[in-house]
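Only one structure is covered here, and it is reproduced in the block below.
The values are calculated or read from the model by the stated rules, or taken from the named source; none is laboratory data. What you are looking at is a predicted structure, and each value in this text was computed from that prediction instead of being measured. Using ideal geometry, Cβ is built from the backbone for each residue, glycine included, and neighbour counts are taken over all protein chains shown.
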Amino acid sequence: MHPAFNETVPLYHEPIPARWEGVADRKPWQHQITAVIPCFNHYHETVSVVALLRLQTVKPYIILVDTGSTPHQYASLRSLAAPDLELHAIRSNGTPHPCSLIASALDLGFSLAETPYVFTTHQDCFLVARDFLEYLQTTIVGHDAVGYQLSPRPGTRWREHLGHTATLWDLNSWDRIGATWTLRRCRHLLHRSHHHQHHSPDPAIDTEASVNAAYLNAGAKIAFVGTEQNYERTLDANIDHCRSLVCSSLYSPPHHERAHAWATDAMRLAQRRIRDWTTYGPAENPPDPPSPPLDPPPETCYPSNTAHPNTHDATENHEWSKPMGP
C-alpha cells in the first residue's frame, strides 16, 4: 500500500490547508470516469480487473466497495489502496434480498463519485478492449447511459433494461432523474412487501430494478453495446465476463465451479493483455475495435410516463408513482 494512503481524509497530520482534499497529485474528481466495483472476496481476480482498468486509454478513478469478505480477503483488498483507488466496506446484520448488498455498494460508490461519468462493472469482468472506456465515453454523447443489456429475466421486459456488468452512466443525467440502486425504493414502486422474499426472492426485483424503473419513468435515452446470457461466459471484443463467479458461491456451488474454471482461463488471457498493454503504447499496439452498438435497436428512448416494464408481466393492476425527474 502506498504510505500516503494509510490514512483517509481528513488528513489530520498532514500540513496542508485543505485536508479533506487528500494528498494525491490527481484528485478523484479530476478524472473523467469513476469505476465502481462491488467486492466479495476474490482478491486475485480483482487485481487483474484493476490492472486492466489502469491500462485503459482513459484511466478511471476506482472505488471498491466490499460487501462482506472474510477478514483475510478484506485485508488483501485493502492493500490495493492507492492514489487512484479507494476501498470502502459495508457490514450488515442481514438483508431481505440477496441483491441488496450489491445495490447498497453501488449507491455508496455513486454517492462518492465526483466525475462526469461512472462505470459499473464486476470483479469477474475483465476488459478486452484497451480503449473500451474511451469508446463508451464517445458513445454516450446524446444518451443518458450506454452499456450491456440486462441478461434475460423471465416475466419482465428485460430487453429494455441496462445491466451493470459494463455500463457507463452520465452523472448529470443520474442526478436529474433522481436514480438510485436501493431495492427498498423498487419495492415501493412495485408495491411489494419484503416479508416474503427471505427464501423466494421476488423475480421482478434485481440489482438494476430501481435504476431501470427511474430511467424508464424519466424518459431516459440509453444505448446497448452488447448482450449477455445467464450462467454463461461473455467473451467478445469488449469484455470477458465469467458471469456470476462471485455471487454463485452463495447460491449455486455447481455453477461456481464452472465459473471458477472460466475465471482461471480469463485471468490467463488478462495477464497476457496486461503484459502487452504495459509493454506497448496504444500507438504501437492499437487495440481491436470494440463492438458497435447493437442494431436493431441501437438505442432505446424511454417515453415519459411509461409504466415500468415489469408492470405488464409480473405486477399487473399496480398503481405507479409519477415520473421521477423533469
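Just a few scattered comments:
- Any chance THR156 is without any contact (Cβ under 8 Å) to a residue 24 or more places away in the chain and more than 17 Å from LEU64 (Cα to Cα): no
- Residues that are buried (at least 19 other Cβ atoms within 10 Å of the Cβ) and among the basic types (Lys, Arg), drawn from the stretch 218-253: ARG233, ARG243
- Elements of type strands (runs of 3 or more DSSP E) contained in the stretch 221-326, each with 2 or more residues being at pLDDT 75 or above: 221-226, 233-235, 239-242
- Scoring VAL146 on the criteria (1) modelled with pLDDT of 95 or more; (2) surrounded by fewer than 22 Cβ atoms within 10 Å (Cβ to Cβ) leaves a single failure, condition (2).
- Scan of the stretch 12-43 for residues that are part of a loop (DSSP other than H, G, I, E, B) and among the small types (Gly, Ala, Ser), ordered by number: ALA18, GLY22, ALA24
- Between PRO15, PRO96, the distinction of being touching a His at 6+ places or on another chain (Cβ under 6 Å) and at pLDDT below 95 belongs to PRO96 only.
- Inclusion of ALA266 among residues that are in the same structural domain as GLN123 (by TED's automatic domain parsing) and in contact with a Cys (Cβ under 7 Å, 6 or more places away or on another chain) is warranted.
- THR46 being part of a helix (DSSP H, G or I) and in contact (Cβ under 8 Å) with a residue 12 or more places away in the chain: yes
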